[in-house]
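The next block holds one structure in the form of structure tokens; read it before the comments.
The values are calculated or read from the model by the stated rules, or taken from the named source; none is laboratory data. Treat the numbers as computed from the prediction; the structure is a model and nothing was measured. When we count neighbours, we look across all protein chains shown, and the Cβ atoms used for this are built from the backbone with ideal geometry, even at glycine. All accessible areas refer to the heavy atoms of the entire protein, side chains included, with ligands and DNA or RNA removed. Shrake-Rupley method; radii C 1.70, N 1.55, O 1.52, S 1.80 Å.
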Amino acid sequence: EGALLYQEGVSSWLHKEDIVHIICHELAHQWFGNLVTMKWWNEIWLNEGFASYMSYMAVDDAEPSFQIKDTMVMSDLHFALEEDALTSSHPLSTPLEEVQTTSQILGMFDAISYSKGAMVLRMLADVVEQDVFDNSIKAYLKAFRGKNVEQSDLWNFIQSIRQDKGVFSISTLMEKWTTQMGFPVITINTTSGEIYQKHFLYNNSAESDLSWLIPIKYMTAISSASRVWLEVRGPVRKEEFISKKNEWILANINCTGYYRVYLREQVKGLYNFFKNYTDTSTVPEDHSLQHNQILAIDVACSNGLPECIEMAQSKFAAWMKSNDTNNIHTNLRAVIYCQAVAAGDKKEWEFAWEKFQSSTDTSEKDQLRKALACTRKTWLLNRYLEYTLDPDKIRLMDVATTVYSIAQNAAGQALAWNFIRANWDYVSQGDPAALIMSVASRFSTKFELEELMRFATKAEEHIADIVMMKAVEQTQ
Ligand SMILES: [Zn+2]
């Protein structure tokens, strides 16, 4: 219920955005899924990718101040790329024969179908131009209403009504992005203009000869935005990417392309940019800046920037002192609670626990429950894990996410792993797949891999194969 309840003055402003998002996503299914339905589950992305993509359009229309399209890159693009960098990933359109059993079908409801689906549509809209895309989708919904479709119906339809037939047909353009798993990382040498693509995989010993037909929108200090195509693996030389007078070149403008982009961390500068707001517990008016402020605090404190940690501690201490008056801005509560508990000891933890138990607000409870997992004290983490076995302390439905939060903490990961194995019968009643993925996400040693594989046999009946394969591969 926390996903749909909002109370002015109590909930984080940003929580409103999540709620609008969910409502828009589910409404979008009236068209994508209900009016026009995919032929079979192997192309569930035609439902989920579209609903995810369209929800951004709808939220943007209902609440332009959210500037939701800016957060799309953070929430969906990077999320999908992470998942898609595993060799156990799958294509958006997976071969029919591989999607037959219930667990295979459920396995399709993942970051690939939702987020990669949305991002690949976004890339297509950028290539054909947004208004052409919008109009063809409207016509497509009319033409196929009440019918079942395959993705090729969509591609052929857009191509047939598209005035400018383009350099490539829609099906040529979309083929590799939807029938191959993964994505490329593109390397550009701005001295020679040489450019090549390579299938990006976490497991860099894995061989792959996949390549994609890549639209690259770019601009430079001396030229406005235009597009080039990378049709081969390369390296090939492209005049456009030579920086002749040392001017900057920006490729993949707005990250509309579904491929890897690296961002440089500038911790202190970022933190100081928001310092005046943060110190006075206020937030910028601009919506996407509000997101960045939280990110800045999170990154700065997690990287041990002293002024950030002091800020979190003193704001939390002021709340502890007054007990009932919490002057921390609702937007900043989650991150400050976590950082204050992380920097603190028993006193901070128990105050947060007491507030968690006494609070009647779901979003406040949720952020406190997460913050309690931020402590670096092993004994507190162990005690917290024990609490999850007592439904009067932590509801069964919250066990998986609580253990997940503990496992995300470097100090808690091994504890959480031992804990779920020792108490599997109880904790697996919650969300066993989420539990496994959360504890395994930081695994890296051979020993951990062996433990995981041994456990996989035991947990078989509770967990879809695909989840176990992902966990095993991430570890490998
Ligand atoms: Zn959906």
Fill in: Normalised per residue, the volume of the convex hull around the Cα set of segment 276-394 (Å³)
105
Worksheet entry | Heavy-atom accessible area per residue - segment 184-255, 1.4 Å, Å² | 58
Response to the item:
Taking Cα atoms only, Rg over Rh for the chain with Rh from the Kirkwood formula is 0.97
Worksheet item: Given R₀ = 30 Å, FRET efficiency for N276-L5 by Cβ-Cβ distance, to 0.05?
Response: 0.40
Worksheet entry | Cys residues of the chain counted as unpaired, since no other Cys beta-carbon is under 4.7 Å | C24, C255
Worksheet item: Ignoring ligands, DNA and RNA, how do D361, D392, D70 rank by accessible area with a 1.4 Å probe, largest first?
Response: D392, D70, D361
Item to complete: Determine, from the Cβ-Cβ distance of R227 and N323 and an R0 of 51 Å, the FRET efficiency 1/(1 + (r/R0)^6), rounded to the nearest 0.05.
Response: 0.30
Worksheet item: Using a probe of 1.4 angstrom, how much of the accessible area of the chain is carbon and sulfur, in percent?
Response: 52
Fill in: Sequence of K142, K275, K458, K315 from largest to smallest accessible area, 1.4 Å probe
K142, K458, K275, K315
Discussion item. Between D286 and E63, what's the calculated FRET efficiency when r is the beta-carbon distance and R0 is 22 Å? Round to 0.05.
Written reply: 0.95
Worksheet item: Could you give the angle, 0 to 90 degrees to the nearest 10, between helix 151-161's Cα long axis and the longest principal axis of the Cα atoms of the chain?
Response: 50
Worksheet item: Each residue of segment 363-380 in order: what ³J(HN,Hα) in whole Hz does its phi give by Karplus 6.51 cos²θ - 1.76 cosθ + 1.60, θ = phi - 60°, with x for Gly and Pro?
Response: 6, 5, 4, 4, 6, 6, 4, 5, 4, 4, 7, 7, 4, 9, 7, 4, 5, 5
Worksheet item: Taking 0.36 nm per residue of separation and subtracting the Cα-Cα distance, what length does fully extending S314 through A434 add?
Response: 39.7 nm
Worksheet item: Which whole-number percentage describes the relative contact order of the chain, with Cα contacts under 8 Å and a sequence gap of 6 or more?
Response: 13
Discussion item. Once ligands and nucleic acids are excluded and a 1.4 Å probe is used, how much of T102 is accessible, expressed in Å² to the nearest 10?
Written reply: 100
Discussion item. Between A143 and S160, what is 0.36 nm times their sequence separation minus the Cα-Cα distance? Round to one decimal in nm.
Written reply: 4.9 nm
Fill in: Dipole of segment 266-363 [Lys/Arg +1, Asp/Glu -1 at C-beta], most positive-end residue of V335, N303, V283
N303
Response to the item:
For the chain, the charge dipole (Cβ of Lys, Arg +1; Cβ of Asp, Glu -1; about the Cα centre) points to a positive end, and the Cα of Q130, G117, I214 closest to that extreme belongs to I214
Response to the item:
About its Cα centre, segment 190-241 carries a charge dipole, from +1 on Lys and Arg Cβ atoms and -1 on Asp and Glu Cβ atoms, whose size in debye to the nearest 20 is 140
Fill in: Distance between modelled label sites at D209 and E97, nm, 7 Å Cα→Cβ extension
2.2
Worksheet entry | Total formal charge among the other residues, if their Cβ is under 11 angstrom from that of N292, Lys/Arg +1 and Asp/Glu -1 | -3
Fill in: Selected from N252, G182, L14, residue furthest toward positive end of dipole (the chain; charges at beta carbon)
N252
Practice prompt. Round to the nearest 10 and report in Å² the accessible area of R227, as given by a 1.4 Å probe over the protein chains' heavy atoms.
Written response: 70
Response to the item:
Surpassing 27 Å at the alpha-carbon level, of the pairs K147/K217; K142/K165; K244/K268; K321/K370; K268/K470, are K147/K217; K244/K268; K268/K470
Fill in: Computed magnitude of the charge dipole of the chain (debye, nearest 20; Cβ of K, R +1, Cβ of D, E -1)
840
Worksheet, complete the sentence: Heavy-atom accessible area of R122, protein chains in place, probe 1.4 angstrom, given in Å² to nearest 10, is 30
Discussion item. Restricting to bridges with both residues inside the chain, how much of the DSSP beta-bridge set is antiparallel, in percent to the nearest 5?
Written reply: 85
Fill in: Protein-only accessible surface order, largest first, of E175, E17 at 1.4 Å
E175, E17
